[in-house]
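What follows draws every value from the coordinates through simple rules; no lab data is involved. For clarity, every value in this text was computed on a predicted model and none was experimentally measured. Using ideal geometry, Cβ is built from the backbone for each residue, glycine included, and neighbour counts are taken over all protein chains shown.
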Amino acid sequence: MHSSDKPKVLIVDDEPDQVELLCLQLEDDYLPIPANSGKEALDIVKDLNPDLILLDPMLPGVDGFEVCRRIKNDPASRFIPVIIISGFFEKSNKIKAVEYGADDFINKPIDRFELKTRIRSLVRLKKNYEALQESENRYKQFFNNSPAVTLLVEPGRGLIVDANDPACSYYGYTREELTAKRIFEINLMSGEKAGDLQQLISREKKGHFYSSHKLASGEIRDVEVYTNLINVKGKELLFTNVYDITASKQTEKDLVESEEKFKNLVEMAIDGIFVETDRGEILDCNNSACRMFGYTKEEMVGLTIADLVPEDFAKTLPERITAEETTGDVAVERVNKKKDGTIFPTEISTKLFKLGGEERLIAYVRDITEHKKSEEALKASEENFRALFEHTPDGILILDFEGNILSANAAVGEMVDAPLDNVIGSNIYNYLVPESGATDLEDQINVYNDRGGYLRTYKILSSNGETVWIEGLGTRIMYRNMPANIVVVRDVTVRKQAEKTLIDAKMAAEEANRTKSEFLANMSHELRTPLNSVIGFSDLIAEGTAGPLTEKQSRYIGFISVSGKNLLRIINDILDLSKAESGKMELDREEFCVGKSVDKVISTMLPQTKEKNIMLSHKPGTQALTVYADPSKFEQIMYNLLSNATKFTPEGGSINVFSEKDGEMVRVVVRDTGIGISEENLNKIFNPFIQIDSSMKRSFEGTGLGLSLVKKFVEMHGGNIRVQSKLGEGTAFTFELPASPSSGM
């Protein structure tokens, strides 16, 4: 574009550098005309009739507001758009600018794209005025071809008289739909505010305001509106340009939210944060800084960094601050002083930044008192470890994952009878006896790597040819920045020899026990055959099959039968115990009713309890209670417990049986009011062939097998049994068996 064709923009500012900057920003699209005073500007307006005026209100002599007023009061120049440019627009100045006729105002610093947009809009607006005056057709052409959203509105009733294509596109209506609406259907401004604005436009013949417009879709958009009162065919209409500023408003909102988030982050930070001048004066700080140093924020602001360090440290503070600034984000250590005089260590990182055009320093301060304590504790720990490492009688090795010995203490050298220098650097596999398996250790190390930790015993060969048993306990560590294993080894040769002796003795005892069980089983079997004949024939004789018996003969035969049956029961108990101990006893489990089984056993015990006038009762928790067990073994358990209770309960006593379900188990309690058991004898009662003292052997019959069998049977079912008793207060046996196949197995 030739310079003579460019719109003329008069730039009025008393600062030459500002004028020059604006000239450079506009010279591509406009013909800038500089002026440095109000008088000079008024003269240029008369001579050159510029297309737009950029006006600084702070001018010597005639100020910018007066210049604007004179231009707008002059019919020859009243339509020249005036943009007030200022670095400090207060609300009163904006109102004054509007009152004096300014078309727009922009804050410094100026965004050149916004400036060009505003200039372009106002220059176009001026051209529109000129075109409207020249020809209505030319006005129509401009109106319809304008890229800006433009409306013609009747001031009084708010009728939309016309709308250009961009307006129709923007609002989402056809021209017919849009011109059938009132501006109040689109503009969401309150009625009171709209009335005030209408009065201002009526008085000033123009207006500039911000509002929200509703589109056909229902979407609400933020807009900036420029409107001027024009005459079309003798009718005053509002020529209105609408600019969508939703994005910029959102940007402003995001900026505010971002600043608020930043402020919150600063306040919530654990570290103390300071903003300082280049002289070390504190301008601001967060709450953590106040808590750290013991000051309120009001006390802190205005202090200098020198106030927060010890006096001797303050002498070299300037040099230290300079050094800290050069480190950037790298933290340095410093000592600081609290309000109460407490000295404490800190870690500080600093960064320079611009704030309001001035250099500021932001400092992040962390109290490292606990960190220092941890360092000291770590140092002490390392010293303790070194002392332990060097002086412990156990060997300590550090191995890599291939078994190479990275480090070892003197005890290791003594174990293998080799110089420590020769041990370190060698491989642990070199010392293992082949029969213990080097690959076995490798497997153990791999297990450790996968699962964490191993404990294993190995045989090693010392340099003098002696075999040494060692036990190694290993775990993973980081050694010189690489993963490794630390293994504590101990000479367990003596223990292994003792273990071998113990194992041999155990095997001998187990063999003897097996021999005993087999002997008892064979002997019991041999005894049962003649005993069956004794019992059988004595019963036949008692029934009179061999002829009538005298009273004495009948009594003697009864003694033979009872003694034979007692002996058979003892033999059966011995056989059962032998089978249980040898693992040959099998259980035939099924679900059955606990109450019926208990009542069945009780019925067999009634003659004995009636003979001693003992009250025997059963209180089931529920009639439907079932247990998963071998019915015959369950009845044998109950018989032995009830028989034992009857034997040790004096005449007139009582025996109570209680059963209930507890989770997945069935609990049965047999409680008597018998003589009780002393505390020191409670742990003996389940041992076979044992009665608790010799006096009982004389006073009460029995072999001592019953309770031992009870315990075996209960445990074979996956249950447990316990006893509670006090001398003279009776005894309670409690056993638990699985309630179903899925429980307690």
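Placing one equal scatterer on every Cα of the range 3-132 and applying the Debye formula, the log10 ratio I(q)/I(0) at q = 0.16, 0.21, 0.22 Å⁻¹ is -0.71, -1.34, -1.50. Fewest neighbouring Cβ atoms within 10 Å first, the residues M605, M292 line up as M605, M292.
Determine, for each peptide in 275-284, 147-156, the mean count of other beta carbons within 10 angstrom over its residues, then list the peptides with the highest first. Mind dumping the intermediate values first?
Numbers: 275-284: 15.6, 147-156: 17.6.
Descending packing order for the listed peptides: 147-156, 275-284.
Here V365, V594, V232 are placed in order of increasing Cβ neighbour count within 10 Å, fewest first, which gives V232, V365, V594.
Axis of helix 246-268 versus longest Cα principal axis of the chain: the two differ by about 50°, to the nearest ten degrees. Helix 551-582 and the long axis of the chain differ in direction by around 40°, with both axes built from C-alpha atoms. Please list, short to long, the whole-number percent of alpha-carbon pairs of the range 123-271 in consecutive 10 angstrom bins beginning at zero. Taking all Cα pairs of the range 123-271, the binned fractions are 10, 37, 30, 12, 7, 4, 1, 0 percent.
Relative to the globular-protein estimate of 2.2 N^0.38 Å, the Cα radius of gyration of the range 586-738 stands at 1.00.
Projected onto planes of every orientation and averaged, the convex hull of the alpha-carbon atoms in the range 486-620 covers 17.6 nm². Global size of the range 498-578: 20.3, 71 Å for Rg and Dmax (C-alpha atoms, Rg to one decimal, Dmax whole).
State the extension gain, in nm to one decimal, for the chain segment bounded by R182 and S426, taking 0.36 nm per residue of separation less the distance between their alpha-carbons.
On the way: separation 244, 0.36 × 244 = 87.84 nm, distance 9.70 nm.
That pair, R182 and S426, stretches by 78.1 nm at full extension.
Helices in the chain, meaning DSSP H runs of at least 4 residues, each add -39500 (n - 2.57). Divided by all residues, the mean residue ellipticity at 222 nm is -14500 deg cm²/dmol.
Determine, at each q value in 0.10 (inverse angstroms), the log₁₀ of I(q)/I(0) that the Debye formula gives when each Cα of the chain is one equal point scatterer. Reported log10 I(q)/I(0), two decimals: -1.11. Descending by average beta-carbon neighbour count within 10 Å, the peptides 573-580, 673-680, 249-256 line up as 573-580, 673-680, 249-256, the highest first. Relative contact order for the chain: 4 percent, from Cα pairs under 8 Å spaced at least 6 residues apart, divided by residue count. In whole angstrom, how far apart do the alpha carbon centroids of the range 143-165 and the range 1-77 sit? Here the two parts' Cα centres lie 30 Å apart. Spatially, the range 557-574 and the range 239-297 are offset by 100 Å when compared through their Cα centroids. Only the Cβ atoms of Lys and Arg (+1) and of Asp and Glu (-1) were treated as charged; on that basis the dipole of the range 135-250 about its Cα centre amounts to roughly 280 debye. Between the Cα long axis of helix 369-391 and the first principal axis of the chain there is an angle of about 40°, rounded to the nearest 10. Taking max minus min of the alpha-carbon positions on each principal axis, the range 168-212 gives extents of 32, 20, 17 Å, largest first.
Cβ-to-Cβ counts within 10 Å put Y479, Y295 in ascending order as Y479, Y295, the fewest first. Across the range 135-250, C-alpha contacts under 8 Å between residues 6 or more apart give a mean separation that, scaled by the residue count, equals a relative contact order of 24 percent. Listed by chain and number, the lysines whose alpha-carbon sits under 19 Å from that of K596, ignoring those within fewer than 8 places in the same chain, are K619, K633, K661.
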